[in-house]
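Worksheet: the structure to be examined is printed underneath.
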Amino acid sequence: MSDIVLFAAFPYVAVVVAIFGGVYRYRTNRFSYSTLSSQLLENRMLFWGSVPWHYGIVIVLLAHLAGFLMPGMWAAMTAAPTALYTIEIVGFAFGLAALVGLCVLFVRRFTYERIRAVTSPMDWALLAVLLVQVALGFYVSLVYRWGADWYVDTAVPWLISLVSLNPQTQYVTSLPLVVKLHMVTGFLVIALFPFSRLVHLIMFPFWYLWRPYQLVIRNRAIRSS
């Protein structure tokens with residue numbers, strides 16, 4: 001029963017909460033979708049935390065996404081030992097970078113009083129869940145080796161079944177507890193995401209892609225004066 005709740009019901013609840021929560025926040029408090037950057041409050045630790053965190057998590061997420069969107073190609077690629085070893089090493093390195101960077105950001109936000117003052121309870125909650133999620137992922141990559149290979153036979157079919165609205169929990173129920181916790185906390189991050197400052201990540205100005213070109217004309221009269 002618990003597996004049905006965690007792997008068949010909770011993912012949908014998390015996505016619904018994220019969508020409706022994000023829309024509600026945007027309609028009622030649009031200004032809070034800004035970055036609310038704390039760089040002016042402290043910059044040095046931000047650099048040493050933000051750089052490894054962003055580079056590490058982007059590479060790890062792209063690898064997960066590639067396996068989900070192209071499972072056949074990913075399985076064929078990881079069937080070659082050399083490619084599998086390379087993916088494992090790269091994933092381990094970037095996972096460690098993301099974990100270290102996130103720890104630095106957590107310490108920075110906790111130790112600097114001015115930054116702590118502008119951190120909401122939901123920011124703390126999401127930061128804590130993110131830290132657990134990344135730490136679990138790093139632990140899985142360290143203890144349960146060759147995850148790049150078995151990922152396409154377990155997590156990917158489960159995720160595809162969720163997208164097709166036909167949850168098939170048998171793909172993940174036999175996995176180790178740590179792996180299952182990693183999956184559940186991933187959806188918990190999705191549920192908390194729109195209520196924290198990280199929601200600004202979805203506010204990329206996409207309209208710039210189809211905005212008409214702006215013509216810039218040099219004013220010679222002003223320059224000559």
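In Å³ and rounded to a whole number, note down the convex hull volume per residue for the Cα atoms of the range 75-123. Write out the running numbers ahead of the final one.
Values: hull volume 3.7 nm³, N = 49.
Spelled out: Cα convex hull of the range 75-123, divided by residues, is 76 Å³.
To the nearest 10 Å², what's residue 3's accessible area with a 1.4 Å probe?
Looks like 40 Å² after rounding.
Between residue 84 and residue 29, what length in nm is gained on full extension when 0.36 nm per residue of separation is reduced by their alpha carbon distance? Provide the component values of the computation, followed by the final result.
Details: separation 55, 0.36 × 55 = 19.80 nm, distance 4.62 nm.
The residue 84-residue 29 span can extend by a further 15.2 nm.
On a full-extension model of 0.36 nm per residue, what is the gain between residue 47 and residue 19, subtracting their alpha-carbon distance, rounded to one decimal in nm? Working shown, then result.
Working: separation 28, 0.36 × 28 = 10.08 nm, distance 3.10 nm.
Extending this stretch completely gives an extra 7.0 nm.
If you average 1/r across every pair of different Cα atoms in the range 108-155 and take the reciprocal, what Kirkwood value do you get, in Å?
On the way: mean 1/r = 0.0770 Å⁻¹.
Result for the range 108-155 stands at 13.0 Å.
What figure, in Å² to the nearest 10, do you get for the accessible area of residue 4 with a 1.4 Å probe and non-protein molecules left out?
Near enough 90 Å² of accessible area.
The values are calculated or read from the model by the stated rules, or taken from the named source; none is laboratory data. All values derive from a computational prediction rather than experimental measurement. In case anyone asks, the SASA skips ligands and DNA or RNA and just uses the protein heavy atoms, side chains included. Shrake-Rupley method; radii C 1.70, N 1.55, O 1.52, S 1.80 Å.
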